[in-house]
Amino acid sequence: MSDLSLLLQIHIVAAMAAIVLGAIVFSLPKGGAPHRRFASAYVVAMLVTTGVVAFVPATVLEFGNSGWGFFHLFIIVGGVSSAVGAFALWRWRVTGDPEWLRKHQVRFAFSYAGLLMAGLSQMLTNPRFGIVEVMPIATFWMVFALSNFAILAIAMVIVQRYLMKGDPRRRFALKP
């Protein structure tokens, strides 16, 4: 990792921290102090992850000579998802409307899925990891698409099964 720029090193460490923190957040009982602490750390890690990579030039799938590439689009998706999730939590605390709590939970579930998808996509496409060079291009893109689809499908099943049914406050014994 010493041959990577400082910004890229920060990005990788923050993304790895976000992956671990997100897993912890999802495993904890919702609404308690540990959940809030780890969730806050997750949001900070995501902000660092998306914030610093905005200044790292694209190494693959670049848009012309702009320095920006396909994976920079995840900055927008990740940032918006996290912002909407945090806003929804604030609205739930203000209004007590359980639909805002549900929006908070769903947005952060997809924020985490997006983080996993972006990480996997980078590992698959970045020549540094050597995966893209060992497969025929058609096979590579099939693996790329199917693995990302699998992560998204799992997230959609989790959201549908656990977050879209019933009163989210009752399931987690939460009060605004």
Show me 104-117, 83-96 ranked by packing, highest mean number of other Cβ atoms within 10 Å first.
104-117, 83-96
Determine the distance separating the Cα centre of segment 126-169 from the Cα centre of segment 59-113; give it in Å without decimals.
17 Å
Using a 10 Å cut-off on Cβ atoms, rank the peptides 9-19, 132-142 from the highest mean neighbour count down.
9-19, 132-142
For every helix of n ≥ 4 consecutive DSSP H residues, a contribution of -39,500 (n - 2.57) applies; sum these over the chain, divide by its total residues, and give [θ] at 222 nm rounded to the nearest 500 deg cm²/dmol.
-23500 deg cm²/dmol
What is the pair-distance distribution P(r) of the chain, computed from all Cα-Cα distances in 5 Å bins starting at 0, with each bin given as a whole percent?
1, 8, 15, 20, 18, 14, 10, 7, 4, 2, 0
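None of the figures in this text is laboratory data; all of them are computed from the coordinates on show. All values derive from a computational prediction rather than experimental measurement. Note that each Cβ is placed from the backbone with ideal geometry, even for glycine, and that neighbours are counted across all protein chains shown.
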